[in-house]
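Engineer: Pasting a structure below so you can have a look.
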Amino acid sequence: MVSKKEVLSKPVSTIEVRKKSVSALLEEMSQTGFQGKKLGEIADIWGQMVRQRDLTVFLGLTGSLSTTGQWKIIRWLIEKRYIDVLVSTGANISEDILEALGYHYYQGTWLADDEALLKMKVDRFYDVYADEMQYRKLENTIYKFAGTLDDRLVYSTREFLYLFGEFLSKKGIDSIVAAAYERKVPIYSPGLIDSGYGVALSLLKRQKGKLIRLDQTKDMDELAQIAERTKKTGVVYLGGGVPKDTIQLSTIIKSLAVGGKEETPHEYAIQITADSPQWGGLSGCTLEEAISWGKISSRAKKATLYADITLALPLVAHALNEIVEERASPPDLGWVFEN
C-alpha cells in the first residue's frame with residue numbers, strides 16, 4: 001500500500017512572472033496541474049524522444065492545420081529530423097502549397113455571411129479565408145504533377161508523395177512534401193483523396209482519361225517494415241482519426257508478422273487533441289486504452305493534452321528549439337526509397 005508520504009511527495013510549483021524562455025515556462029508548468037501540467041509534459045517527453053538513440057518517431061497529423069499558420073512548424077520538424085515518419089491527412093500536405101506558391105490565407109470571422117462568401121468565391125475554414133481561385137492553383141499544381149506519372153504503375157501514397165516532393169523541390173516550392181523529399185522522411189496519407197489531391201486526380205481521369213492508382217496496402221506493409229527494422233518507436237499525435245490508427249496498427253502488424261508471440265508497442269507516446277474519450281472515437285481515445293490493444297507499452301512515457309493544437313504546437317515547437325540543439329542519431333530510412 002502506498003504511504004501518505006509517497007502520495008504527498010511532489011509539491012505543486014507556483015509560477016512566478018518574470019522574464020524566461022518558453023522552455024523554462026513549460027518546464028515550470030509541468031510541475032503544476034491540469035492541462036498546463038500536460039503541456040509541459042508533452043514538451044519534456046518529445047525532448048526525450050529526440051535525444052533517444054535507436055528510436056523512430058512517427059507523427060500523426062490531422063485536420064486542416066496548414067491553413068492556420070502551422071505548416072512551417074511541420075516543415076521545421078522534418079528539417080530538424082525531430083520526426084522520422086509523417087502520416088497525414090491530405091489537407092495538411094496540400095493546403096501548405098497555396099502559401100508556398102506565394103498566395104495567402106486570410107484572417108476572417110466565423111460569423112461570416114457564407115452566402116456572400118460563396119458569391120465572392122471565398123472559402124471559409126472557421127475564421128480563416130482562402131481565395132477559391134488561388135486554391136485552384138494548388139489543385140492545378142497537383143494535377144500537373146500527376147500528369148507526369150506512369151499510369152501503368154500502381155503507387156503507394158508514400159511513393160506518390162515522394163515523387164511529388166521531388167517535383168516541388170525542383171521547382172523551388174518550399175512545402176512540407178518538398179522538405180520530406182529532401183530529408184528522406186517518408187510521408188503516408190491514408191485519406192489522401194479527401195483533399196485537393198482527390199479533386200486533381202479525379203479531374204485528370206475525367207479530362208484526360210489518365211487514372212493514377214494508389215495502393216494503401218503497400219503503405220501499411222511499409223509502415224510495418226519500418227516498425228520491424230527499428231529497435232524502438234515513439235509517436236506524436238496531433239489530433240487523431242485515420243492517421244493516428246494507421247500508426248497504431250503498424251505495431252499490431254509487426255507483432256502478428258512474428259506469429260503474435262511478442263508485443264511490440266510504442267515506448268513513447270504523446271497526443272494533443274480537442275476531442276474527449278467518452279464519445280468512443282479514436283481522436284479522443286486515451287493512450288491508456290491503446291495499451292489493451294498492444295499499441296502503447298504499459299511502461300511508455302506518455303501524456304495527453306486536451307487542447308487546441310494551434311495553441312499548443314507553437315509553444316512546444318519553440319521549447320524544443322531551445323532545449324534540443326540537434327537530433328541524436330536519427331534513423332536512416334534511406335532503404336524505404338530504394339525502389
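Engineer: For the range 50-86, which positions are part of a strand (DSSP E or B), touching an Asp or Glu at 6+ places or on another chain (Cβ under 9 Å) and buried (at least 24 other Cβ atoms within 10 Å of the Cβ)?
Structural biologist: Of everything in the range 50-86, those that are part of a strand (DSSP E or B), touching an Asp or Glu at 6+ places or on another chain (Cβ under 9 Å) and buried (at least 24 other Cβ atoms within 10 Å of the Cβ) turn out to be V57, F58, G60.
Engineer: Are there any pairs, at least 6 apart or on different chains, whose C-beta atoms fall under 7 Å, with the first in the range 2-31 and modelled with pLDDT of 95 or more and surrounded by 10 or more Cβ atoms within 10 Å (Cβ to Cβ) and the second among the β-branched types (V, I, T) and in a helix (DSSP H, G or I), and if so, which?
Structural biologist: Taking only residues 6 or more apart or on different chains, the pairs are S23/I323.
Engineer: Somewhere in the range 128-142, is a residue touching a helix residue (DSSP H, G or I) at 6+ places or on another chain (Cβ under 9 Å) and under 30 Å from I42 (Cβ atoms)?
Structural biologist: For the range 128-142, residues touching a helix residue (DSSP H, G or I) at 6+ places or on another chain (Cβ under 9 Å) and under 30 Å from I42 (Cβ atoms): present.
Engineer: Here's a follow-up. Of the residues T304, T310, only one is among the β-branched types (V, I, T), in contact (Cβ under 8 Å) with a residue 24 or more places away in the chain, outside any helix (DSSP H, G or I) and touching a Ser or Thr at 6+ places or on another chain (Cβ under 7 Å); which?
Structural biologist: Of T304, T310, the one residue that is among the β-branched types (V, I, T), in contact (Cβ under 8 Å) with a residue 24 or more places away in the chain, outside any helix (DSSP H, G or I) and touching a Ser or Thr at 6+ places or on another chain (Cβ under 7 Å) is T304.
Engineer: What number of residues in the range 155-207 are part of a helix (DSSP H, G or I), of a type in the set (V, I, T) and in contact with a Gly (Cβ under 8 Å, 6 or more places away or on another chain)?
Structural biologist: Residues meeting the conditions: 1.
Engineer: Mind checking which residues of the range 284-299 are more than 20 Å from the chain's Cα centre (by Cα) and outside any helix (DSSP H, G or I)?
Structural biologist: S292, W293, G294, S297, S298, R299 - these are the residues of the range 284-299 that are more than 20 Å from the chain's Cα centre (by Cα) and outside any helix (DSSP H, G or I).
Engineer: If you don't mind, another one. Can you spot a residue in the range 229-244 that is surrounded by 21 or more Cβ atoms within 10 Å (Cβ to Cβ), at pLDDT 90 or above, in a helix (DSSP H, G or I) and among the basic types (K, R)?
Structural biologist: yes
Engineer: Something else: Out of the residues in the range 107-144 that are more than 23 Å from the chain's Cα centre (by Cα) and of a type in the set (F, W, Y), state the one that is farthest from R206 (Cα to Cα).
Structural biologist: If we take residues in the range 107-144 being more than 23 Å from the chain's Cα centre (by Cα) and of a type in the set (F, W, Y), then W110 is farthest from R206 (Cα to Cα).
Engineer: Within the range 161-169, does at least one residue satisfy the condition of being among the small types (G, A, S) and without any contact (Cβ under 8 Å) to a residue 40 or more places away in the chain?
Structural biologist: The answer is yes, given that some residue of the range 161-169 is among the small types (G, A, S) and without any contact (Cβ under 8 Å) to a residue 40 or more places away in the chain.
Engineer: Suppose we filter Y268, Y306 for residues that are under 18 Å from the mean Cα position of the chain (by Cα), surrounded by 22 or more Cβ atoms within 10 Å (Cβ to Cβ) and of a type outside the set (S, T, N, Q); which single one remains?
Structural biologist: Y268
Engineer: Need the failing condition index for I97 against (1) crowded, with 24+ Cβ neighbours inside 10 Å; (2) among the hydrophobic types (A, V, I, L, M, F, W, C); (3) not in a helix (DSSP H, G or I), just the number.
Structural biologist: Of everything listed in (1) crowded, with 24+ Cβ neighbours inside 10 Å; (2) among the hydrophobic types (A, V, I, L, M, F, W, C); (3) not in a helix (DSSP H, G or I), I97 misses just condition (3).
Engineer: Related question: Looking only at the range 165-208, count every residue that is farther than 20 Å from F337 by Cβ and in contact with a strand residue (DSSP E or B) (Cβ under 6 Å, 6 or more places away or on another chain) and tell me the total.
Structural biologist: Here the count works out to 1.
Engineer: Let me ask something else. Let me confirm something: among A130, A200, A180, which residue is in contact (Cβ under 8 Å) with a residue 12 or more places away in the chain, out of contact with any Asp or Glu (no Cβ under 8 Å at 6 or more places or on another chain) and of a type in the set (G, A, S)?
Structural biologist: Answer to the check: A180.
Engineer: Filter the range 18-45 down to the residues that are over 21 Å from I323 (Cβ atoms) and part of a loop (DSSP other than H, G, I, E, B) and list them by number.
Structural biologist: G33
Engineer: Further question on the same structure: Can you say whether I42 is farther than 28 Å from L163 by Cβ and in contact with a Leu (Cβ under 6 Å, 6 or more places away or on another chain), as far as the supplied structure shows?
Structural biologist: yes
Engineer: In this structure, is Y143 within 19 Å of R75 (Cβ to Cβ), of a type in the set (F, W, Y), out of contact with any strand residue (DSSP E or B) (no Cβ under 6 Å at 6 or more places or on another chain) and not in a loop (DSSP other than H, G, I, E, B)?
Structural biologist: When the stated conditions are applied, Y143 does not pass them.
The values are calculated or read from the model by the stated rules, or taken from the named source; none is laboratory data. Just so it is clear, the model here is predicted, and its values are computed rather than measured. Glycine gets a Cβ as well: all are built from the backbone with ideal geometry, and neighbour counts include every protein chain shown.
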